[in-house]
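All remarks here apply to the structure that follows.
Computed from the coordinates by the stated procedures, all read-outs in this text should not be read as laboratory data. These figures come from a predicted structure and were not determined experimentally. With ideal geometry, Cβ positions are generated from the backbone for all residues, glycine too; neighbour counts draw on all protein chains shown.
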Amino acid sequence: MAAKNDLRPVFERLKEIFSPYEPKMDIAQNTDNMYVLNTRHLLKKNYPLMFGGVRLGKNYVSYHLMTIYGDLAQSTTVSPELKKRMQGKTCFNFTAIDEPLFRELAKITREGAKRFSDEKVIEGLRRAQADASAARKRKG
């Protein structure tokens with residue numbers, strides 16, 4: 001099991017993947033163990049749409065990419081090697097730097113940034129969020 005200090009280079013390297021998008025997005029959190037990048041799109045209750053983030057945990061570093069959530073086309077382009085690192089729908093866990101997989105993450109992140117810059121996609125997310133909220137209210 002990797003010690004947290006051994007994971008610091010992994011955390012820093014994964015943060016670098018998000019750096020090209022910082023000028024057009026907002027850094028919501030940037031601490032020793034958490035980095036969160038939000039888009040400038042506002043959803044329900046004026047909450048910003050999260051683009052992604054990196055979390056330094058005790059045993060691994062997590063790379064979160066929200067553009068994958070609900071995007072079957074993008075999630076099917078994930079290689080079997082990267083899928084092995086997947087935890088849930090939008091998270092990839094690492095214990096060491098793996099440049100081939102990090103290059104793949106960079107590519108998927110770039111595609112996701114293009115997707116999240118499409119206003120039609122954002123409006124679809126807003127509608128889906130409103131529909132889900134209305135369905136919860138109807139249930140009780």
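Applied to region 11-22, the Karplus parametrisation 6.51 cos²θ - 1.76 cosθ + 1.60 on θ = phi - 60° returns per-residue 3J(HN,Hα) values of 4, 5, 5, 5, 4, 4, 4, 7, 4, x, 9, 4 Hz, with x for Gly and Pro. Modelled label positions at LEU43 and ARG8, each set 7 Å beyond Cα in the direction of Cβ, lie 3.4 nm from each other.
Centroid-to-centroid, using Cα positions, region 8-64 and region 96-121 are 13 Å apart.
Any chance you could count the Lys pairs in region 27-140 whose alpha carbons are under 19 Å apart, treating pairs 8 or more apart or on different chains as valid? Before the final figure, lay out each step's value.
Values: LYS44/LYS120; LYS44/LYS137; LYS45/LYS137; LYS83/LYS107; LYS84/LYS107; LYS89/LYS107.
Counting lysine pairs in region 27-140 gives 6.
Could you calculate the contour length gain from THR95 to TYR69, that is, 0.36 nm times the residue separation minus the distance between their Cα atoms, to one decimal place in nm?
Length gained, THR95 through TYR69: 7.1 nm.
The angle between the Cα long axis of helix 99-116 and the main principal axis of the chain comes to about 20°, on a 0 to 90 degree scale.
Net charge around ARG126, counting only other residues with Cβ within less than 12 Å of its Cβ (Lys, Arg = +1; Asp, Glu = -1)? Walk me through the intermediate numbers first.
Details: positive: LYS44, LYS45, LYS120, ARG127; negative: GLU119, GLU123, ASP131.
Overall, the nearby charge balance is +1.
Hydrodynamic radius of region 4-139 by the Kirkwood approach over all distinct alpha-carbon pairs: 15.7 Å. In the chain, the longest principal axis of the Cα atoms and the axis of helix 119-139 are about 70 degrees apart.
Under the definition of Cα pairs under 8 Å and six or more residues apart, what whole-number percent is the relative contact order of region 4-139? Please list the in-between numbers first.
Values: 176 pairs, mean separation 29.6, N = 136.
Averaging sequence separation for qualifying contacts and normalising by length gives 22 percent for region 4-139.
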